[in-house]
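Derivation of every value follows stated rules applied to the coordinates shown; laboratory data play no part. Computed from a prediction, not measured in an experiment: that's the story for all the values here. Reconstructed Cβ throughout: ideal geometry from the backbone, glycine too, with neighbour counts over all protein chains shown.
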Amino acid sequence: MKLLLLVIVTCNLYAYNIKQNLFTLYQNKKYEEVCTIGFNNFQRYKKDEEFVSLYAFGCLHSDYIDRLSIPITMLKFSKEARANSAYFAVIMMQKKLLYHALIDGYELSQYVLPSTDYILSKVFDLYVQLGKHKPRTFYLFNDPTDKKLSYKLYISKDERISKMIIEEYYDTIILKRHIYW
């Protein structure tokens, strides 16, 4: 009996330590580590919506958008979890549609989707506002709320898969390069 109690307490402390570690890494903007640790421990904590949300936000901020598909389906038991799930689903759909438009010439002007504050959503909205147009090698967009922010959208062709790239600029200085496929 004492051994069983010791095992249960140890497991609970380990679970707490994993979540606490994820939270600390997230606060320190170590998003890729959060995504990797969350991915590696997902099966063990898939019923813990706080863990799943933290893992998903880590993946989102490290541009591993495709890893959001499972958290989207798992986050459903609380109001906050459902809101997070909807947020991730919007971003994933925008990524898939924008990639489809750039690679295949798919027309997006008929879509009216919710938007988010995430960079991919901003660029998606700016792209949709172009309406019907001839494909370009790259697209330059100015942020509607901050005149010093701009975005460059283009495709980088590879022998295996083409990648959609969004470069984020402040004045002329590149802040971040987001790569999606």
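Some points to look at:
- Each principal axis of the Cα cloud of the stretch 27-178 was evaluated for its coordinate range; sorted largest first, these ranges are 48, 37, 34 Å.
- FRET efficiency, T137 to K46 (Cβ-Cβ, R0 41 Å, nearest 0.05): 0.45
- Per residue convex hull volume, Cα atoms of the stretch 93-181, in Å³: 99 Å³
- Within the straight-line cut-off of under 21 Å between alpha carbons, the lysines reachable from K79 are K19, K46, K47, sequence neighbours fewer than 8 places apart in one chain being disregarded.
- Neighbour-limited loop hits for trypsin sites (Lys or Arg not before Pro), the stretch 49-153 (at most 12 other Cβ within 10 Å; DSSP other than H, G, I, E, B): K76, K132, R136, K147, K148
- Amide N proximity, the stretch 42-70 versus M93 label position 7 Å along Cα-to-Cβ, cut-off under 17 Å: 66, 68-70
- Assuming charge only on the beta carbon of Lys and Arg (+1) and of Asp and Glu (-1), the dipole of the chain about its Cα centre is about 260 debye to the nearest 20.
- Low-density loop positions, chymotrypsin sites (Phe, Trp or Tyr not before Pro), the stretch 49-105 - DSSP coil, at most 15 other Cβ in 10 Å: F77
- Cα-based helix-to-principal-axis angle, 49-61 vs the chain, degrees rounded to 10: 30 degrees
- Crossing angle, helix 31-45 versus the chain [Cα axis fit, 0-90 degrees, rounded to tens]: 50 degrees
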